[in-house]
Structure formats: structure tokens, C-alpha cells
Amino acid sequence: MIKVLFVCLGNICRSPMAEAVMRDLVKKRGLDDKIEVDSAGTSSWHIGEAPHYGTRNILKKYGISTDGIKARQLQKQDFEEFDYIVGMDESNIRNIRTMLNQPNHPKIFRFLDLTTHKKDVPDPYYTGNFQETYDLVIDGCEALLDKILEDIKE
Ligand code: 4NP
């Protein structure tokens, strides 16, 4: 099983959106017996909460389920457990590296660095623009799935 973990600050806006979109994509490609997806936050602020209303709302618009998604905090053993640890922005990457005590491991990387955007995923908790975030999350998830399929071919 290939295991993917998306990480943001609160684990209620961006990383659960990426989790839901990636899971949907994996299912549609018939890869759900090969790829498992989860998400976590670097903060403890929203542990146990469902995704933010804005995230649930935009995903609903595209027919993507958020059932069963609940916020949790990143923990040390996630480093051993996951094959891809994907931060939504540069500050997430810094926090992940510190929390997992892994200053330079290639399995920890910034989501949109896989795409031509090469930038942070804007945080809709502050921008209010869940559509902009969703559009970038779609691009990122497609790029990540391509990368995983390429990696497992080797
Ligand atoms: P997220 O957004 O990291 O994409 O889940 C945030 C959610 C909550 C807060 C900040 C960012 N907060 O300050 O509670």
C-alpha cells in the first residue's frame, strides 16, 4: 500500500480538501487497493472537527464526499507510516520538518512544487476563496497521482 499524507496548519480547510479530492481521484482510477490517503494539521487547534463549511461546500458542488474526515494533529510516527508527506505551504513544510525531526527528507515536499504553479496553496481560512484553493488542489492531486504512478513503475 502506498500511503499519502496531506498536511496544513488547521487540518480543516486545505489538507482535508486535498485528502477528499485525492481519494476521489484514486477511486475513479480504480487504485483504491493501492493508494491510501490521509491528512493532518501541524496545530492541535481543531482536533476532532469535521472540515470547514467552505471546504465541505465546494466539495459538495463537485460531488466529492468528506464523510469520515476528522481533524487530527501530525505525529512523530507519521514519518515511518507514510510514503509521501505533502505540505500545503512553505510554513507547513518548516513545521513538518521540525515536528518529525527530518530537516531534509525528500518524501516531505510542498504540494504545488509538483505543478507549474510552484507556490503555496492559498489558505481559504484567511482568503475566503475556496474556489481558488479547489482549482489548485485539483492540479496538485493530478500531478501527485502521476508522480506516484511513475514512482511505482520503477
Ligand atoms: P488550514 O486553514 O490550515 O487550511 O486548515 C486554517 C484553519 C484554521 C486556522 C488557520 C488556518 N486557525 O487559525 O484556526
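Any residue in the stretch 60-71 that is more than 13 Å from the ligand (Cβ to nearest atom), of a type in the set (A, V, I, L, M, F, W, C) and on the phi < 0 side of the Ramachandran plot? Yes, the stretch 60-71 has at least one match.
Can you tell me which of 128, 140 is at pLDDT 95 or above and either surrounded by fewer than 18 Cβ atoms within 10 Å (Cβ to Cβ) or out of contact with any helix residue (DSSP H, G or I) (no Cβ under 9 Å at 6 or more places or on another chain) (or both)? None of the other options fit; the residue is 128.
Applying the criterion of being under 22 Å from residue 24 (Cα atoms) and of a type in the set (Val, Ile, Thr) to the residues of the stretch 107-134, the residue that is nearest to the chain's Cα centre (by Cα) is 121. Test residue 4 against the criterion of being away from the ligand (no atom under 14 Å from the Cβ) and of a type in the set (A, V, I, L, M), and give yes or no. Against the criterion (away from the ligand (no atom under 14 Å from the Cβ) and of a type in the set (A, V, I, L, M)), residue 4 qualifies. Helices (runs of 4 or more DSSP H) fully within the stretch 1-91 that include at least 2 residues being surrounded by 23 or more Cβ atoms within 10 Å (Cβ to Cβ) and among the charged types (D, E, K, R): 14-28.
The values are calculated or read from the model by the stated rules, or taken from the named source; none is laboratory data. Source: prediction; values computed, not measured. Cβ coordinates were reconstructed from backbone atoms using ideal geometry, including for glycine residues, and neighbour counts include every protein chain displayed.
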